[in-house]
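Below: the structure, in structure tokens.
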Amino acid sequence: PRHDSNKQWYQRRVAITAGIKVQVNDKAPIVNIDKTDGCQVFVQKATGLATEFVTAKSSEVNICLVEENGEYNESFVAEQFLTKYCDGKFVTELYEVCG
């Protein structure tokens, strides 16, 4: 965990687990999700819009943005990427399947 003198800020890490739910009630600059299958992260819209999510070797990760009234909108974190050689280097981008 990290904090500054005025406010407490926490960094959360989820690793090597399955089917977990994580709730962030205040500010968290980074949420790390590593080797996890099935993870829902609930962040408050009022404080969580600046949160960055780092995932590695994980699947079925969803971020739920919670409104003040308790309702939430769920968004998935991409699992598939495409890497190709372009202009002298490898470039990785989100791979979208259409259809």
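The values are calculated or read from the model by the stated rules, or taken from the named source; none is laboratory data. Bear in mind that the values here come from a model prediction, so they are computed numbers and not experimental data. Because the Cβ atoms are built from the backbone with ideal geometry, glycine has one as well, and the counts that use them run over all protein chains shown. Just so you know, the surface numbers come from the protein's heavy atoms only, side chains and all, with ligands and any DNA or RNA stripped out. Shrake-Rupley method; radii C 1.70, N 1.55, O 1.52, S 1.80 Å.
Summary table below
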read-out	value
Which of Val54, Val31 is most accessible, then next, and so on - probe 1.4 Å	Val54, Val31
Probe 1.4 Å, accessible area per residue of region 13-92, Å²	67
Solvent-accessible area of Glu93 with every protein chain in place, 1.4 Å probe, in Å² to the nearest 10	80
Distance between modelled label sites at Phe81 and Glu96, nm, 7 Å Cα→Cβ extension	1.8
Accessible carbon and sulfur surface of region 24-72 relative to its total accessible area, %, 1.4 Å	47
For the chain, the spread of Cα positions along each principal axis, largest first, Å	46, 34, 25
